[in-house]
Every structure is written in C-alpha cells, then in structure tokens.
Amino acid sequence: MSGLLGLPSESAQHTVGYPALFLLVALGALVPVVPTGAIVSSAAVVAFHQTLPVPLLVVFALSAGAALAGDVALYWLGRRGVHSRNGSRWLNRLRDRAAPDRLERAQEKLHDHKVSVLVLSRLVPAGRIPVMLACLLTEMPLRRFVRGDIPACLAWAATYQLIGILGGSLFARPWEGVAAAVLVTLLIAGVPSLWHRVRRTG
C-alpha cells in the first residue's frame, strides 16, 4: 500500500517521524517543559514493532544527537548571560527552574566529581538544570561541557529507549506499548518532584 508521494506507508512515517523526533527532543532540551523522555520511549515502541532493527538505532542516534544539540544551545545561551553585564532571560530561566537546595547540591557534586556529574544529571529527574547552572556559574568552558554532555546524552537516550523497548515487548499493539511507556516516564519524572514537595511541607 503506497503512502504520500508513492512512498510506502512505513517510509512516509519515517520521513515525517524522524525529523519530528529530533526537533521535539532538541526543543525539549532547550525549553525544559517538553516531556522528552516520553517522546523517546514512544518512538522506541514504534521502532520496536518495525520489521528491521535499523529504526531502533536511528531513534537512539537522533535522540542522543538532539539532546546534545539542545543542551549545547542552552549552555551557550546561558554563557552569554553569565558574561553579560545585564544577564539574559535564558540564564534567568535556568535560575528560576533550579531550586536553591538542588543548586547547592549540584555545585558540591560538581566540585567533587567534576564533569562526570553531568552523566548522572541527565538520568536523575530534575537534575539536569541545576547541574547545568552550576557549570555556568563556575564558568566551565563550552568545550569541556560538551565532552561531559556527550556520554550523558548517550546514557539518557539509551535509558529511555530501553523503557520503550520494554513497553513494546510487553504489548502486541504499538499504542498499548506507547501508553505504558509514557506512563512510566511521567512517573519517573513526577515522583521525585512530589517527594521533594512532601519533604518541604513535612
């Protein structure tokens, strides 16, 4: 069955889906309100149900690359704010999204573990922004940040892709796997924030 412009329907989905995946993940890294983990897991579910393993590799590569591109862009914009006399709205947004206690812990971990803390920051929910802000405040060079962020983005993409593969393997229908993967990723993202609020009010 042919799809748009005579392409097979699966190819047409890839033509639209892959660029959309990259743009959404990059946007989510740049503007931390998009649930990028859920997007990657959902894409992995769909790729898991394809006939070839290639789509899974493409989803992994695009997700990691987009996360890195978004992180680098956000860090570059933040550095401009650090070196500007009047700051910048990007740096102010990072400050607003980083709770003071989390920023303090991120600064301590960055001092103790250096660049390696970037890897964990992407795997811990709500950990990326405080660590990135700590890197900015210590004026870590962009090149050094990128070196630490590459393995962080690879580990992050692999983790959420595994969640999607698990969802795809448990359910025969792709939409069921997508729903399960989205639920798991939202729980991962939401539980730490809920626990933090309970501790503050307790």
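Summary table
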read-out	value
Vicinal HN-Hα couplings computed from phi for the stretch 59-64 (Karplus, 6.51 cos²θ - 1.76 cosθ + 1.60; Hz; Gly/Pro x)	4, 4, 5, 5, 5, 5
Integer Hz, Karplus 6.51/-1.76/1.60 couplings in order for the stretch 156-165, x for Gly and Pro	5, 4, 5, 4, 6, 5, 4, 4, x, 5
Table column - 3J(HN,Hα) (Hz), the stretch 120-136, Karplus curve with 6.51, -1.76, 1.60, x for Gly and Pro	5, 4, 7, 8, 8, x, 6, x, 5, 5, x, 5, 4, 5, 4, 5, 5
Calculated over the stretch 71-147: convex hull of Cα atoms, volume per residue (Å³)	80
Calculated on alpha-carbon atoms, Rg and Dmax of the stretch 96-184 in Å	16.1, 49
With 10 Å bins from 0: P(r) over the stretch 33-85, alpha-carbon pairs, percent	23, 37, 22, 13, 5, 1
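Taken together, the values in this text are just the output of simple stated rules run on the coordinates, not laboratory data. Note that the structure is a prediction, hence the values are computed from the model and not measured.
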